[in-house]
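Quick note: the coordinates plus some simple rules give every number you see, no bench work behind them. Keep in mind it's a predicted model, so treat the numbers as computed, not measured. Reconstructed Cβ throughout: ideal geometry from the backbone, glycine too, with neighbour counts over all protein chains shown.
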Amino acid sequence: MSIHIEAKQGEIADFVLLPGDPLRAKHIAETLLTDAVCYNNVRGMLGYTGFYNGKRVSVQGTGMGLPSHMIYASELINDYQVKTLVRIGTCGGLLEEVKLRDVVMAISASTDSSSVGRHFPGMTFAPTASYRLVQLASANAAKMNMPLKAGNILSSDLFYHFPEEGDAYELWRNYGTLAVEMESAGLYLLAARLGVEALALLTVSDHILTGEHVSAEERQLNFTNMTKLALSLA
Ligand code: HPA
């Protein structure tokens with residue numbers, strides 16, 4: 001048991017998918033895994049362990065934002081010896097060339113969050129994905145005919161902005177940042193600090209420039225294809 005996860009030792013696989021939404025964890029366990037068993041219901045933050053193509057994998061909801069995500073990732077690594085963590089989530093497209101439904105692979109994750117910045121006063125750290133996972137995901141995506149947009153993303157603490165901020169994303173766009181979400185930089189920081197491997201795969205569910213967004217149904221379908229790519233990394 002850890003503070004936020006009630007699993008017993010050994011109940012969590014060393015490869016874990018991390019969706020933000022706990023009900024997505026449940027859906028993945030029920031539709032893509034075999035022999036899935038629920039190991040966590042503390043705060044309704046569901047976690048399951050099952051099998052995908054014979055490989056033992058877990059899927060754990062994390063909630064939204066760096067602080068919540070980092071609580072679950074920390075406990076999985078420190079208390080349950082998890083070695084590979086793959087975030088699967090949605091993002092808002094920032095650049096014109098990033099289209100709705102695209103799958104974005106975050107090679108790096110910039111952030112405005114003090115959850116990262118506080119550790120490097122007056123300096124910057126570059127939260128970076130595992131090169132092995134980047135290579136493997138690229139190769140597997142090509143086999144699955146799934147185009148990937150790979151590059152830097154922004155992990156922001158804010159979903160809603162006040163109008164006086166103006167275009168909160170212009171700065172990031174000027175530096176070629178592909179998309180915005182709210183967790184990956186925290187995951188990459190922990191992976192670096194604690195010596196494990198991490199990657200974030202994100203589907204573009206809405207576009208910041210155009211305001212368009214995909215339907216709930218499509219969101220699910222796109223998500224399933226991306227989840228299969230994430231599971232292929234186990
Ligand atoms: N902002 C932040 N996080 C997100 C967004 C967004 O527009 N879309 C999906 N995750």
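Remarks
- Listed pairs LYS55/LYS83; LYS26/LYS55; LYS83/LYS228; LYS26/LYS149; LYS26/LYS143; LYS55/LYS149 exceeding 21 Å between Cα atoms: LYS26/LYS149; LYS26/LYS143; LYS55/LYS149
- Taking trypsin sites (Lys or Arg not before Pro) in DSSP loop conformation with at most 11 other Cβ atoms inside 10 Å as exposed sites, the chain has its longest uninterrupted site-free stretch at 119-234.
- For the range 121-234, the fraction of alpha-carbon pairs lying more than 24 Å apart is 34 percent, rounded to a whole number.
- Translational D in µm²/s for the range 135-198 (Stokes-Einstein at 37 °C, 0.692 mPa s, Kirkwood Rh from C-alpha pairs): 232
- Loop GluC sites (Glu not before Pro), the range 164-218 (other Cβ atoms within 10 Å of the site Cβ: 13 or fewer; DSSP): GLU212
- Quarter of Cα convex hull surface for the range 1-82, i.e. mean projection, nm²: 4.5
- Under the simplified labelling scheme, the TYR175-THR224 pair shows an inter-label distance of 3.8 nm, with each label point 7 Å from Cα along Cα→Cβ.
- Percent of C-alpha pairs per 5 Å bin, the chain, short to long: 1, 7, 15, 20, 21, 17, 11, 6, 2, 0, 0
- Rg and Dmax of the range 62-137, Cα atoms only, in Å: 14.3, 42
- Selected from ILE71, ILE153, ILE88 as most flexible by GNM, with the chain as the system and alpha-carbon contacts under 10 Å: ILE71
- What the Cβ-Cβ distance of LEU23 and LEU209 gives, at R0 = 25 Å and to the nearest 0.05, is a FRET efficiency of 0.30.
- In the range 109-164, the convex hull through the Cα atoms has an average projected area of 6.0 nm², a quarter of its surface area.
- Positive-end residue of MET146, MET70, GLY50, charge dipole of the range 15-231 with Cβ unit charges: GLY50
- Neighbour cut-off at most 10 other Cβ (10 Å), DSSP loop, GluC sites (Glu not before Pro), the range 52-126: GLU96, GLU97
- Most mobile listed residue (SER155, SER74, SER114) in the chain, GNM with C-alpha springs under 10 Å: SER114
- Under a model in which nothing but the beta-carbon of Lys, Arg (+1) and Asp, Glu (-1) is charged, the range 15-231 shows a dipole of about 960 debye around its Cα centre.
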